[in-house]
Amino acid sequence: MTPEDYLEGQILLIDKPLHFTSFQAVNKLKYLLINKVGLPKKFKIGHAGTLDPLASGLLLICTGKFTKRITELQGQAKEYTGTFHVGATTPSYDLETEIDHHYPTDHITEALIHETLKQFLGEIDQKPPIFSAIKKEGVRLYEHARAGETVEIASRKTTIYEFEITRIALPEIDFRVVCSKGTYIRSLAFDFGKALQSGAHLTALRRTKIGNYEVKNAQTPSVFEEQLANK
């Protein structure tokens with residue numbers, strides 16, 4: 001593609017690697033497009049929906065005039081696959097922090113897991129994790145958390161369109177979920193563990209779809225770089 005193509009607007013399907021922040025992925029592409037394609041330093045680029053560093057998968061990066069579509073793309077349903085670890089919780093609801101509590105799991109059966117899942121279909125109330133980028137009184141929640149401060153977090157409505165258990169090998173439960181904008185899969189893990197009368201945290205997460213865009217059609221930043229080098 002020419003510089004003009006990128007300035008007119010493109011939606012780039014990027015498979016964000018584990019431990020990359022979404023910001024790093026955008027910056028990597030911005031650097032490449034400036035230095036390898038010749039775009040001006042102040043060209044517009046942005047992503048349509050943050051992925052945590054501990055998650056991999058589909059990141060939609062918009063360039064040029066298509067940055068105006070970011071809000072529209074963020075509002076589309078998203079599909080994730082991942083793993084809950086049952087019997088223990090962490091303050092961040094994932095592997096960012098250490099386990100803080102252990103819970104019994106002897107009572108958990110496959111039947112109970114599948115029955116519990118039904119509670120989470122449709123519109124649900126969900127509290128975002130304390131370790132999240134949401135702001136309260138101008139300060140991001142994770143900053144309160146790291147300072148050891150207790151903060152009251154309001155619950156919000158979110159929608160789970162599809163929720164499927166794909167593997168049970170306790171303490172691990174693999175899942176696939178399709179959900180609305182603003183859903184925290186870490187919170188889903190925590191709430192699911194609680195509903196099982198135990199505890200759980202998220203140990204793996206991959207975003208596989210945003211609307212009709214699929215991660216199978218995406219490429220990693222390094223592959224994108226290689227393709228630019230071969231042109």
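Got the relative contact order for the stretch 14-126 handy, in percent, Cα pairs under 8 Å and 6 or more residues apart?
Numbers: 106 pairs, mean separation 22.8, N = 113.
20 percent.
Using a 1.4 Å probe, what is the accessible area per residue for the chain, in Å²? Walk me through the intermediate numbers first.
Values: 12020 Å² over 231 residues.
In whole numbers, the chain has 52 Å² accessible per residue.
How far apart, in nanometres, would the label points at Thr220 and Glu164 be if each is projected 7 angstrom from Cα along the Cα-to-Cβ direction?
2.7
Beta carbons within 10 angstrom, averaged per residue: use that to sort the peptides 45-51, 157-163, 58-64, 100-106, highest first.
Details: 45-51: 19.4, 157-163: 15.1, 58-64: 23.4, 100-106: 12.3.
Sorting 45-51, 157-163, 58-64, 100-106 by mean packing, highest first, produces 58-64, 45-51, 157-163, 100-106.
Can you give me the angle between helix 185-195 and the longest principal axis of the chain, using Cα atoms only, in degrees from 0 to 90, rounded to the nearest 10?
10
Calculate the length of the line joining the C-alpha centroid of the stretch 1-61 to that of the stretch 176-220, in whole Å.
A separation of 22 Å, based on Cα centres.
So what does log10 I(q)/I(0) come out to for the chain at q = 0.09, 0.13 Å⁻¹, using the Debye formula with one equal point on every Cα and no solvent?
-0.42, -0.82
Treating only the Cβ of Lys, Arg, Asp and Glu as charged (+1, +1, -1, -1), what charge dipole size does the chain show about its Cα centre? Round to the nearest 20 debye.
With Lys and Arg at +1 and Asp and Glu at -1, about 1120 debye.
Just the C-alpha atoms of the stretch 1-54: what Rg/Rh do they give, with Rh taken as the Kirkwood radius?
0.98
Within the accessible area of the chain, what % is carbon and sulfur when the probe is 1.4 Å and the other protein chains stay in place?
On the way: 6010 of 12020 Å².
Solvent-exposed carbon and sulfur of the chain make up 50 percent of the total.
Per 0.36 nm of contour for each residue apart, how much would the distance between Asn35 and Gln197 grow if the chain were fully extended, relative to their Cα-Cα spacing? Let's see the in-between values first.
Working: separation 162, 0.36 × 162 = 58.32 nm, distance 5.41 nm.
Contour length minus the Cα-Cα distance gives 52.9 nm.
The values are calculated or read from the model by the stated rules, or taken from the named source; none is laboratory data. Note that the structure is predicted; figures quoted are calculated from it, not measured. Neighbour counts run over all protein chains shown; Cβ positions are idealised from the backbone, glycine included. When the accessible area is computed, the model is the full protein with side chains, heavy atoms only, and any ligands, DNA or RNA have been set aside. Shrake-Rupley method; radii C 1.70, N 1.55, O 1.52, S 1.80 Å.
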